[in-house]
Amino acid sequence: MPFTIPVQDDSIHGSIDDLLQLRTPSVYLVRVEGDSMQGAGIFSGDLLIVDKGIDARHGHIVIAAVNGEACCKRMVVRDGMVILAPENPKYPSRYIMAGDHFEVWGVVTHSIRDHDRRL
């Protein structure tokens, strides 16, 4: 038997583009591959909304590159050292060393999961 969910007019606050700021020039989408961030609720196949206009700081989930290799990790700053920490205990943290080329490409602001998976 089909069911309906009533929607009140005051519950609609704008388009998905507006809510997630998708048309902002500093915002882009990334599809996740891998399970290193599952403890943060980010799973393989999810779309991440990333804002390169946000200054990354301790605790942010970031899209970064270390020596040209891109990753999605939680950025931890401890005693002046940057650590890229996974949210899955089967993976080690990545400590950024003096000789590493490290770039933050943006801060993850939202994730979107496909519950249909007919891709």
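The values are calculated or read from the model by the stated rules, or taken from the named source; none is laboratory data. Being a predicted model, the structure only gives us computed values, none of them experimental. Cβ sites come from the backbone with ideal geometry, for glycine too, and all protein chains shown count toward neighbours.
In region 23-52, the residues that are on the phi > 0 side of the Ramachandran plot reach residues that are assigned to a loop (DSSP other than H, G, I, E, B) and of a type outside the set (A, V, I, L, M) with C-beta atoms within less than 7 angstrom, at least six apart or across chains, in these pairs: Gly34/Ser44; Gly45/Asp114. Can you tell me which of (1) surrounded by 10 or more Cβ atoms within 10 Å (Cβ to Cβ); (2) of a type outside the set (Val, Ile, Thr); (3) at pLDDT below 65 is the one Gln8 doesn't meet? In the conditions (1) surrounded by 10 or more Cβ atoms within 10 Å (Cβ to Cβ); (2) of a type outside the set (Val, Ile, Thr); (3) at pLDDT below 65, Gln8 misses (1) alone.
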